[in-house]
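**Student:** Before we start, here is the structure in question, set down as structure tokens.
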Amino acid sequence: MNLDDIPSGSLCVVDTNVLLYAEQGTSLQAQRLLRRIEKREVLGVMPQPVWQELMHKLMLAEALMLGHLSGGNPARQLAGKPDVIKRLTLYKDKMRALVTLGMAFEPCTRIDLVDKAVAIQERHGLLTNDSVIVAMALRLEADVLVSADKQLQGIKEVQVYGPSDVKLRFTV
């Protein structure tokens, strides 16, 4: 089901990829979802791993855009340039804008990480962050998990909605 089909009033746990698609303009559905969150038509929650991954990817994208990185392994390159990191500002503004927009932050618990996520990994073969996000969505009793990850579409424990209009350009 696509993002425009999310019922009003739904509690939505939002994955990193959907936020990046909105930011990069590669999914109008993702952009509309953020506007719905801002208007409080739906409630948006970002689990802690999503906040961290998004901040990291936006930081790398800003450094790339400013010409501070080239070639492979941008994270390693940037880690060796602390003076560049200190001067980056756009990614921080974008993260703050999500708070202003009304996106909630949900901290990860030990139970999410060790108990629930491991069981989800064993059942579905998901990577760590994906299994933690699913575990957190289940703990929050979310109506919807919003993600473009195809492997999450097979999760039966939570309703997964993804953008059906993604036009990929570039992601970090």
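None of the figures in this text is laboratory data; all of them are computed from the coordinates on show. Quick caveat, the model's predicted, so the values are computed rather than measured. Neighbour counts run over all protein chains shown; Cβ positions are idealised from the backbone, glycine included.
**Student:** Using the charge dipole of the chain (Lys, Arg: +1 at Cβ; Asp, Glu: -1 at Cβ; taken about the Cα centre), state which of P7, I37, A137 has its Cα farthest towards the positive end.
**Tutor:** After comparing all options, I get I37.
**Student:** Counting alpha carbon pairs within less than 8 Å and at least 6 residues apart, what relative contact order, in whole percent, applies to the range 3-161?
**Tutor:** Over the range 3-161, the number comes to 30 percent.
**Student:** Determine one quarter of the surface area of the Cα convex hull of the range 96-148, which equals its mean projected area, and express it in nm² to one decimal.
**Tutor:** Computing the convex hull of the Cα atoms and averaging its projections yields 4.4 nm².
**Student:** I would also like to ask the following. Could you grab the relative contact order for the range 44-94? Cα pairs under 8 Å, six or more apart, rounded to a whole percent.
**Tutor:** Averaging sequence separation for qualifying contacts and normalising by length gives 38 percent for the range 44-94.
**Student:** Once you place label points 7 Å from the Cα toward the Cβ at T128 and R35, how far apart are they in nm?
**Tutor:** 3.8
**Student:** Okay, moving on. Please state the equivalent ellipsoid semi-axes for the chain: what are the square roots of 5 times the Cα gyration tensor eigenvalues, largest first, in whole Å?
**Tutor:** 27, 19, 15
**Student:** Looking only at GluC sites (Glu not before Pro) in DSSP loops with at most 16 other Cβ atoms within 10 Å, what is the longest site-free stretch of the chain?
**Tutor:** Result for the longest clean stretch: 42-140.
**Student:** A further question on this structure: Going through the cross-link list K81/K167; K57/K167; K39/K86, which pairs have a Cα-Cα distance over 28 Å in this structure?
**Tutor:** K81/K167; K39/K86
**Student:** P(r) tail for the range 55-140, what percent of Cα pairs lie past 15 Å?
**Tutor:** Within the range 55-140, distances greater than 15 Å cover 67 percent of Cα pairs.
**Student:** Rounding to the nearest 20 debye, state how big the charge dipole of the range 3-161 is about its Cα centre with +1 on each Lys and Arg Cβ and -1 on each Asp and Glu Cβ. Intermediate values should be presented prior to the final figure.
**Tutor:** Numbers: 19 positive and 19 negative charges, 105 e Å.
Computed about the Cα centre, the dipole is about 500 debye.
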